[in-house]
Structures are given as structure tokens and as C-alpha cells.
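To start, the structure itself, in C-alpha cells.
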Amino acid sequence: MRLSQLFSQTLREAPADTDIESHKFLLRAGYLRQLGAGSFSYLPLAQRSIRKIETIIREEMDKIGGQEITMPVVHPASVWKETNRYYEIGVELTRFQDRGGRDMVLAMTHEEVIADLVRKEIESYKQLPVLLYQLQTK
């Protein structure tokens, strides 16, 4: 693809409200644009870079026997209540109810889910060790 056809544009100057040098470079180079505080849109150059990094990570994880899985971002609160983190974590943990009135959590981590998954799938020590990983945007 020609640079003239690229969706993103470079900037001569970074916006005045940017303080961090890396942030300025990414904005000026056309890798991302800020939507709001801490919220960014990845433009085509950033997306290509991220894809390449993910490919390298997947290749290396697969070399050592890793198996990629994808876990949901929304969890039933029951797995969080079981570890008491539902009650221990403050406003940082987003809690809500689904249409059926069940307590749900917008996950900040996946420790509870992976522990629940492994305990349901692993029936014998002979299935160990197991190396699971996921790549996910938060």
C-alpha cells in the first residue's frame, strides 16, 4: 500500500495536552488517536505492529507447548465471590446484573476464570503440566 493511501496522517506537532514522549511520537507518526482519557483508537500502522507482536508471542508460546484459549470479558460474579475478590475489590471492579438479574463482573483479570476452567477440565495429575495463554485487549 502506498503511504498516500494510508488512512492515518502524520502530524507536524503533537497536541498540546500530551506530556509523555512516546505518546507524542505515536500520535505524530499516525499510529493512534486519542478518543478520551486513557482511550485510544489504533490506526492501521499500530494495528499492523500489534499483529506482528502477537504473531511472535504465539509462535514462541506454541514452541514451548502453550495452547491459546480465549476467555470472556464478562464473568458471572459467582467465581469472583468464591475467591472473595468480589467483596475485596472496590470501585475498580465493574459490577452489574444481566437481564435475568444475575450478578456479573466486567473482568479486570482472568485468574478466577482460568482456575475454574482448569479445575473442571483437569481430572488427573497425568494431564499436567498444562500451559494455557490468551492475548486480549482490555
Checklist entry - Got a sec? How would E13, E111 order by Cβ neighbour count within 10 Å, fewest to most? => result E13, E111
Checklist entry - trypsin sites (Lys or Arg not before Pro), restricted to the stretch 72-105: which are DSSP loop and have at most 14 other Cβ atoms within 10 Å? => result R99, R102
Checklist entry - Among all lysine pairs in the chain that are eight or more places apart or on different chains, how many have alpha carbons less than 24 angstrom apart? => result 7
Checklist entry - So what's the net charge close to R95: Lys and Arg +1, Asp and Glu -1, counting the other residues with Cβ under 11 Å from its Cβ? => result -1
Checklist outcome for this item: Checking the stretch 1-33 for chymotrypsin sites (Phe, Trp or Tyr not before Pro) in a loop per DSSP with at most 11 other beta-carbon atoms within 10 Å yields F7
Checklist entry - Using modelled amide H (1.01 Å from N, peptide plane; none on Pro or chain starts), what sits under 5 Å from the amide H of L132, excluding residues fewer than 5 places away? => result Q67
Checklist outcome for this item: Per the C-alpha gyration tensor (a ≥ b ≥ c, the square roots of its eigenvalues), the chain is rounded if a/c is under 1.5, else prolate if a/b beats b/c, else oblate; here it's oblate
Checklist entry - Over the Cα atoms of the stretch 65-138, Rg to Rh with Kirkwood Rh, two decimal places? => result 1.02
Checklist entry - For K120 and S78 in one chain, what is 0.36 nm times their gap in residues minus the Cα-Cα distance, to one decimal in nm? => result 13.6 nm
Next on the checklist: Within a 10 angstrom radius of the beta carbon, how do S22, S78 rank from fewest other beta carbons to most?
Outcome noted: S22, S78
Next on the checklist: Taking 8 Å as the Cα distance limit and 6 or more residues as the minimum spacing, I'd like the relative contact order of the stretch 1-57 as a percentage.
Outcome noted: 27
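Could you put D116, D98 in order, starting from the residue whose Cβ has the fewest other Cβ atoms within 10 Å?
Final ranking by Cβ density, sparse to dense: D98, D116.
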Checklist outcome for this item: Note on the stretch 1-57: alpha-carbon gyration tensor, axes a ≥ b ≥ c; rule is a/c under 1.5 for rounded, else prolate if a/b larger than b/c, else oblate; result oblate
Checklist entry - Non-local amide H neighbours of R33 (under 5 Å, H modeled in plane, Pro and chain starts lacking H): which ones? => result S41, L43
Checklist entry - Roughly how many whole Å is it from the C-alpha centroid of the stretch 1-31 to that of the stretch 77-116? => result 38
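Each value in this text was obtained by applying a stated rule to the coordinates, not by laboratory testing. What you are looking at is a predicted structure, and each value in this text was computed from that prediction instead of being measured. Heads up, the Cβs are rebuilt from the backbone with ideal geometry, glycines too, and the neighbour counts pull from every protein chain shown.
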